[in-house]
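Heads up: the structure comes next, in C-alpha cells.
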Amino acid sequence: MFTNPFTIFKPFEANLSVTLYTKEDNITSDDQIGDNVASLWQVHGNKIIEVDSPTSRTEQADGLVTNKKNLILSIRMADCQPILAYDPESNTVGLVHVGWRGLVVGAIPELFKVMDPLKSYVCIGPSLCQKCAIFSDPNNELPNVDPKFFDENNCVDLMGAADKQLVDLGVSADRIERMTDCTSCNPDKYWAYRGGDRDAVKDGHTNVLSCYLK
C-alpha cells in the first residue's frame, strides 16, 4: 500500500487522500478499501459519471468525479493507466481508467469535460511501459495516436500518448506527475494482465487507485 504516493499532491494533503494498492495488498473487493466506496464496472470505454454516494460497481463506466467529502473513489487496473485529477479551487476529484482502448475512444478528454484542465493537478499510477505494450498493427488499432509513439517492433508508448492528450487539453506539464513503474516489468510488485497474472486478474486480483476528499 502506498499512501499519498504523489509528491504533486503534498500541498493538498489536508483536503485529499490518495492510496495505491498493489499486489501485496491483494485487494479483491471494495470493502477491503472502506465502507463508503464508489466503484465501477469498468468496460474500457469513455463514460465518466459524477457521484455523491457509493455505487459498488453497478454502473458501466470508466471514470468517476465527485466533490463529496469522505466518499472513496476507486478504480482497478492491471496494465491500464490509472489517472487522478484534482482541482483544488472547486475541491473536486476525478479518477479514470485508461487502457489503449480508452485512449482511442477519448476517456481522458471526457474526464475534462467534467473537470477544468486548466485548474487540475494530475497524477498517473503504474502501467505498461513501451516495450511491454506490444500491438499487432498499431496504426490501425490506435488510429488517433500519433505514430511517433510507435516503434519498429510495434510497441507503443501509451504513457507518452496519454501525457500528450493531457497537455493538448490544457493541463500544465508541471502539474502532471507520473509513476514510471511498469506493471509487467515488476511482477513481484504489481498485478499485470500481460505480465503472467492473466488468470488471477480475471478472478478479480488487480491493483487499485483510490482517493477521497477530506
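The values are calculated or read from the model by the stated rules, or taken from the named source; none is laboratory data. These numbers were taken from a predicted model, which means no experiment stands behind them. Ideal geometry is used to build each Cβ from the backbone, glycine not excepted, and the neighbour counts take in all protein chains shown.
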**OP:** Could you list all residues from segment 32-67 that are without any contact (Cβ under 8 Å) to a residue 60 or more places away in the chain and hydroxyl-bearing (Ser, Thr, Tyr)?
**Re:** 39, 53, 55, 56, 58
Original post:
Which members of segment 75-97 meet the condition of being under 13 Å from the mean Cα position of the chain (by Cα) and of a type in the set (D, E, K, R)?
Top reply: 76, 79
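Yes/no matrix, rows are residues, columns are (1) of a type in the set (Ser, Thr, Tyr); (2) crowded, with 21+ Cβ neighbours inside 10 Å; (3) under 30 Å from residue 3 (Cβ atoms); (4) modelled with pLDDT under 95:
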site: 120; (1), (2), (3), (4): yes, yes, yes, no
site: 123; (1), (2), (3), (4): no, yes, yes, no
site: 137; (1), (2), (3), (4): no, no, no, no
site: 155; (1), (2), (3), (4): no, no, no, no
site: 161; (1), (2), (3), (4): no, yes, yes, no
site: 170; (1), (2), (3), (4): no, no, yes, no
site: 173; (1), (2), (3), (4): no, no, yes, no
site: 177; (1), (2), (3), (4): no, no, yes, no
site: 195; (1), (2), (3), (4): no, no, yes, yes
Subject >> Scope segment 148-181; condition farther than 21 Å from residue 95 by Cα and among the aliphatic types (A, V, I, L, M); matching residues >> reply: 156
Original post:
Residues in segment 128-137: is at least one closer than 25 Å to residue 196 by Cβ, more than 16 Å from the chain's Cα centre (by Cα) and among the basic types (Lys, Arg)?
Top reply: yes
**OP:** Answer yes or no as to whether residue 49 is surrounded by 16 or more Cβ atoms within 10 Å (Cβ to Cβ) and either more than 22 Å from residue 4 (Cβ to Cβ) or in contact with a Pro (Cβ under 6 Å, 6 or more places away or on another chain) (or both).
**Re:** yes
